[in-house]
Amino acid sequence: DILMEGRSPVIEKDLDELISEGVRNGRLSAVASAREAIATSDVSLICVGTPSQPNSSLNLQYVDRVCEEIGEALRARKERHVVCVRSTMVPGSTEKVVIPALKRGLGGDLPERVEVAVNPEFLREGTAVHDFFNPPKTVVGSAQASAADTIVSLYDGIEAPVFKTAIKVAETVKYVDNVFHALKITFANEIGSVCKSVGVDSHEVMRIFT
């Protein structure tokens, strides 16, 4: 209901305006039924949460559930459809969770018309819209070239290097990206501590260094 009123359900710079424009122009609509959404679309982008569990492993129950729903909805659709995961998942999750859940929903093996891809996001909270239009890279993993081409076409007009690769590589790149950002923050904090101990302006040091 919030989306169909042209409002954003989350606080994110510039998102309200984009949603309002999309609804006003008839380019954006929201439904609560997977079957209804699948019936009129060519691509499903899975963007559900993958929260950490107490033992630090990922909880993929939401991914599993939505993939099964998509599979059930795809039973009635005979046209080609690409199922693309945007959620952060450890390498092997597409093979171990996504595809089996789709098969359960479909009630059998994946037909050729159903293709699977992974397209990790590299967005930061607070600057997500800017980051989408100015990405450092676009990564798409798939076993089917046609699926990769379809996902890449969603980014037409956006300037960034495009990497088409294997699914597990795409899953891994997201983790490497996250870990490297954490490494940079930790490194900067350590330099800050060293600089403070010897009376040096750490901000000036890091500005020149970067």
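The values are calculated or read from the model by the stated rules, or taken from the named source; none is laboratory data. Because the structure is a prediction, the values reported are computed rather than measured. As a convention, Cβ positions derive from the backbone with ideal geometry for all residues, glycine included, and neighbour counts pool all protein chains shown. Areas reflect the complete protein model, heavy atoms only, side chains present, ligands, DNA and RNA absent. Shrake-Rupley method; radii C 1.70, N 1.55, O 1.52, S 1.80 Å.
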What fraction of the DSSP beta bridges in the chain is antiparallel, stated in percent and rounded to the nearest 5? 20 percent
List the GluC sites (Glu not before Pro) in the range 143-193 that DSSP assigns to loop (not H, G, I, E or B) and whose Cβ has at most 15 other Cβ atoms within 10 Å. Which are they? E159
Could you work out [θ]222 nm for the chain from helices alone, using -39500 (n - 2.57) per DSSP H run of at least four and dividing by all its residues? Round to the nearest 500 deg cm²/dmol. -13500 deg cm²/dmol
Distance between the range 1-80 and the range 130-192 - C-alpha centres, whole angstrom: 20 Å
What does the accessible area per residue of the range 27-75 come to in Å², with a 1.4 Å probe and no ligands, DNA or RNA counted? 63 Å²
Too long for a 25 Å Cα-Cα cut-off, among K174/K196; K103/K168; K103/K137, are K174/K196; K103/K137
Per residue, what accessible area does the range 108-210 have, given a 1.4 Å probe and all protein chains present, in Å²? 64 Å²
Rg/Rh ratio calculated on Cα atoms of the range 167-210 (Kirkwood radius): 1.23
With Cα coordinates, the longest principal axis of the chain makes an angle with the long axis of helix 15-24, in degrees rounded to 10, of 20 degrees
Out of all Cα-Cα pairs in the range 73-173, roughly what percent, to the nearest whole number, are more than 20 Å apart? 41 percent
Helix 167-197: inclination vs the chain longest Cα principal axis, degrees, rounded to 10, gives 20 degrees
Are there trypsin sites (Lys or Arg not before Pro) in the range 46-130 that DSSP marks as loop and that have at most 12 other Cβ atoms within 10 Å, and which are they? K78, R113, R124
Distance between modelled label sites at A30 and F163, nm, 7 Å Cα→Cβ extension: 3.3 nm
Taking only the alpha carbons of the range 117-210, what extent do you get along each of the three principal axes, in Å, biggest first? 58, 26, 20
Stick to Cα atoms and the Kirkwood definition of Rh, then tell me Rg/Rh for the range 1-77. 1.05
Whole-percent carbon and sulfur contribution to the accessible surface of the chain (1.4 Å, no ligands, DNA or RNA) stands at 56 percent
Would you mind calculating the gained length between T186 and D1 on full extension (0.36 nm times residue separation, minus the Cα-Cα distance), in nm to one decimal? 62.4 nm
For the chain, state the average projected area of the convex hull of the C-alpha atoms over all orientations, rounded to one decimal in nm². 14.7 nm²
